[in-house]
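The next block holds one structure in the form of structure tokens; read it before the comments.
The values are calculated or read from the model by the stated rules, or taken from the named source; none is laboratory data. From a predicted model like this one, the values you see are computed outputs, not experimental measurements. Positions of Cβ are backbone-derived with ideal geometry, glycine not excepted, and every protein chain shown enters the neighbour counts. Just the protein is used for accessible areas: all its heavy atoms, side chains included, with ligands, DNA and RNA removed. Shrake-Rupley method; radii C 1.70, N 1.55, O 1.52, S 1.80 Å.
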Amino acid sequence: KKQRPESWESPGQSRASREEESRTMPKNKGKGGKNRRRGKNENEEKRELIFKEDGQEYAQVIRMLGNGRLDAQCIDGIKRLCHIRGKMRKKVWVSTGDIILVGLRDFQDEKADVILKYNADEARSLKAYGELPDNIRVNDAEPLNEEENENDAFFDFEDIENVIEEI
């Protein structure tokens, strides 16, 4: 068996320690895997409010369809099938009633792509600037429904008592 010259050994490390190192498991030097990143929301800080440009429109999510798609009622009155872009998937969670910014397609008017999701504060700011109409409810699970009357679902208990007394 040939012996290695001393010059081959790295300084400060003996042959015995190298052999011991090769038998042990490697040290974890990373910070974790996919699940570690999933729990963090790194963009908590305030971001600059982004307004719509040409070829973009504000919309409110009507329902989630799955497979990265959703139905949204755009401010221009058209209901569109929207696709959540890959950069937002599994990072930004979109749910029913959220206000989103969609990119309109030149070749398909009934489809659009979700560019950005506004949080509740940003949506209120958009409403204050007059970008969103007043009949849109911000931060509600119930999306905009233009056909229903405002007083349809509301009644006053005093009125009921008065009707009961008359009977």
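Sort through I99, I62 and tell me the only one that's touching a helix residue (DSSP H, G or I) at 6+ places or on another chain (Cβ under 9 Å) and at pLDDT 90 or above. Steps first, answer last, please.
Numbers: I62 fails: touching a helix residue (DSSP H, G or I) at 6+ places or on another chain (Cβ under 9 Å).
Within the list I99, I62, the selection yields I99.
Just to be sure before I move on: is R105 open to solvent by less than 50 Å² (accessible area, probe 1.4 Å) and among the basic types (K, R) in the structure I sent?
no
Restricting the stretch 108-128 to residues that are crowded, with 16+ Cβ neighbours inside 10 Å and of a type in the set (A, V, I, L, M) leaves a set whose member that is farthest from I50 (Cα to Cα) is A112. Anything in the stretch 89-137 that is out of contact with any Leu (no Cβ under 9 Å at 6 or more places or on another chain) and aromatic (F, W, Y)? List them, or say none. Hits for the stretch 89-137 are W93, F107.
Matching residues to (1) open to solvent by less than 80 Å² (accessible area, probe 1.4 Å); (2) part of a strand (DSSP E or B); (3) β-branched (V, I, T):
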| position | (1), (2), (3) |
| --- | --- |
| L49 | yes, no, no |
| D54 | no, no, no |
| E57 | yes, yes, no |
| Q60 | yes, yes, no |
| D71 | yes, yes, no |
| G77 | yes, no, no |
| C82 | yes, yes, no |
| G86 | yes, no, no |
| R89 | no, no, no |
